[in-house]
Each structure stands twice: as C-alpha cells, then as structure tokens.
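First comes the structure, then the notes that go with it.
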Amino acid sequence: AKETGRNNFQFYTPAMNERALERLHIEGDLRNALEREEFTLHYQPQVDLRSGQIVGVEALIRWQHPELGMVPPVRFIGLAEENGLIVPIGAWVIRTACLQNKVWQESGFGHLRMSVNLSARQFAQEDLVDSIAVSLREANLAPEYLEIELTESLVMADVDRAIGILRELKALGVQLSIDDFGTGYSSLSYLKRFPIDVLKIDRSFVNDITIDPDDAAIVASVISLAHSLRLDVIAEGVETEEQLTYLREHNCDQIQGYFFSRPVTAEAFSVMLKDGKRL
Ligand code: C2E
Ligand code: CA
Ligand code: CA
Ligand code: CA
C-alpha cells in the first residue's frame, strides 16, 4: 500500500492524521533525496579512555530537506527500511564514509576507525560483502579502518546466516561491532559465536549508571565479561563527568557521547583532529 501512496493521494480525507500525511510527503521526497544530494554524514568521535585520544568515529546520516530542514534519522530510517530505499542510501553512506576516512588518513590521522550503521535490509542483500569491498577499493582504504555496526536483534534474527556473513566480512578485514548492546535478549556468551571485535553498550544503561545501581552493575559486568571474551567495549551516550568516571573505574575502553562531542560536520571533525582535541 505504501508504494501506491502517491497515487492514493486523491483519497486523502481530513480524517487522515497529520502523521500519515507527513509520512506520505516524506516518503515521496525520500525517493529523490539521493539524486538531489540532500544527505550528509555527521561524525561523532570515539575516545580511548587510556590515551584520551580520538581513535574512532561513527558516521551518522542527516537529511537536509529543502522545506523541513534537517531531518533526523529516526524520522526516515524506519521508512527507508520498509520501502527498501535504505539499500541505496546505505550504500551511499558506506561509500561516503570510506572516502572521508581516506581524506583524514591522508591528512595524517592514519589510525582512525570509521564506523557505519548497517540496517537489516542491507544485511539481507546478496551482494553486501561485494559492495563493501568495492567501496573500500574505490576509496583505496585499508579494510581495518572500516567498522560495521550491527544491532543485536539484526544478527539474532537468523543466527546461522548472520554468522556466515560476518565471517565473510571478517575475511575481508573489516571490524565488526554489536550496537545497542543490552537492548535485545541475547547473552554475551551467545554472541561470542559471532566473530565480533567491539561491543557498544546502549546509552539507556549508560544514562543511569550514576543513579541506578542495577544499571551500574550491569554495565560493570558487561565490561568485564566482554574483556574476558577479548572484545573492546565502547560506552554510548556518555553525557557527564560522573558517567565518565564510573566507566573509567570499570575499565571501559572507549566512550562516545555529548560529554566529549556531539556528532559534527566533516569540516568540524577535521578541526578537532587538527587541534588534537582530547579527553
Ligand atoms: P545509533 O546507531 O545508536 O547512534 C547513536 C545515536 O545517539 C545518534 O543519534 C547520536 O547522535 C546519539 N547520541 C550520541 N551521543 C549521545 C549522547 O551523549 N546523548 C544522547 N541523548 N544521544 C547521543 P542519531 O544520529 O539521531 O541516530 C539515531 C539512529 O539512527 C542511530 O542510532 C542509528 O540506529 C540510526 N542511523 C543513523 N545513521 C544511520 C545510517 O547511516 N544507516 C542506518 N541504517 N542507520 C542510521
Ligand atoms: Ca550505531
Ligand atoms: Ca547505538
Ligand atoms: Ca540506539
């Protein structure tokens, strides 16, 4: 029904709510956004807690809509996932992120790991591994500087298939991380069946570590279990000094969050690198 949204437009009645109307508009506009070059990537640093230095960066998509202004991903990623547009959009993200990381490498910031988010639809694509390989080759970027973030629910949906694809990606040489860890139902020991390198603790846990003893305990034990499985741990959504202190005391490897920096444009990120901004 969604695909015929534009054709059905004449059947619009005032009863149709505003959200549905916005959805129709957005979906139509989303179809043209790629060729109109309305997407950009913002970049959020990931900082190593031992050295205090920026060691990684997550690419986060933004849509500069001609009328609506900056549209955040929560308003269009789900839609793009449903109608399949996420596949070409996601390919653009990977290509752009690889090219950008190459630029930063060539300006002398060699050891920067670039993370991109992968959606379920992309993960289901037959040619996923090939298309990532092509992006790396076109950017002339060494594979270890690209990290693919997959959510727990995405890999748990079809475990055997997921393991197969992750092995192929690993063979290609890219880094793999599990995003939003803790929000799904899998245990860490189960996840260890997957050839992953990094665990990102979801910001909902990080948020409350200084006020909720249960969340604090969960975060501490996830970090130590992850380490015993030789995984690096990144805490997401770190906003305060108190959270940072707790994470440091519990040997978290890296942090990402507003405390250090919000996601910023490529230009602003370049300045951060040049200035040697550190924790
Ligand atoms: P995510 O992958 O969990 O990305 C982290 C989100 O948390 C980002 O929101 C980031 O701006 C936000 N964030 C970072 N630090 C803090 C903090 O200290 N406090 C708070 N409150 N938030 C923080 P953003 O950029 O709006 O992205 C939302 C989600 O959209 C992402 O969640 C990801 O699931 C999805 N997304 C973004 N870009 C892409 C993309 O290129 N492809 C796909 N498939 N999904 C994407
Ligand atoms: Ca992510
Ligand atoms: Ca996340
Ligand atoms: Ca999230």
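The values are calculated or read from the model by the stated rules, or taken from the named source; none is laboratory data. Computed from a prediction, not measured in an experiment: that's the story for all the values here. When we count neighbours, we look across all protein chains shown, and the Cβ atoms used for this are built from the backbone with ideal geometry, even at glycine.
Which residue pairs have Cβ atoms under 7 Å apart, sit 6 or more places apart or on different chains, and have a first residue in the range 73-95 that is farther than 19 Å from His25 by Cβ and touching a residue at least 24 places away in the same chain (Cβ under 8 Å) and a second that is of a type in the set (Val, Ile, Thr) and within 16 Å of ligand 4 (Cβ to nearest atom)?
Val93/Ile61; Val93/Val116; Ile94/Val116
Mind listing whichever residues of the range 199-214 are in a loop (DSSP other than H, G, I, E, B) and within 16 Å of ligand 4 (Cβ to nearest atom)?
Asp202, Asp208
Is it the case that the range 251-264 has a residue that's over 21 Å from the mean Cα position of the chain (by Cα), more than 30 Å from Ala120 (Cα to Cα) and at pLDDT 95 or above?
Yes, there is a match, as at least one residue in the range 251-264 is over 21 Å from the mean Cα position of the chain (by Cα), more than 30 Å from Ala120 (Cα to Cα) and at pLDDT 95 or above.
For the range 215-245, give me each residue that is part of a helix (DSSP H, G or I), of a type outside the set (A, V, I, L, M, F, W, C) and in contact (Cβ under 8 Å) with a residue 24 or more places away in the chain.
Ser224, His227, Glu242, Gln243
Identify all residues within the range 185-215 that are surrounded by fewer than 17 Cβ atoms within 10 Å (Cβ to Cβ) and not charged (D, E, K, R); write none if there are none.
Selection gives Tyr185, Ser187, Ser189, Tyr190, Pro195, Ser204, Thr210, Ile211, Pro213.
Does the range 30-52 hold any residues that are surrounded by 16 or more Cβ atoms within 10 Å (Cβ to Cβ) and touching a residue at least 60 places away in the same chain (Cβ under 8 Å), and which are they?
Hits for the range 30-52 are Leu41, His42, Tyr43, Gln44, Pro45, Gln46, Val47, Asp48, Leu49.
Taking helices (runs of 4 or more DSSP H) that fall entirely within the range 137-198, which contain at least 1 residues that are within 13 Å of ligand 2 (Cβ to nearest atom) and under 21 Å from Leu60 (Cβ atoms)?
Correct list: 152-157.
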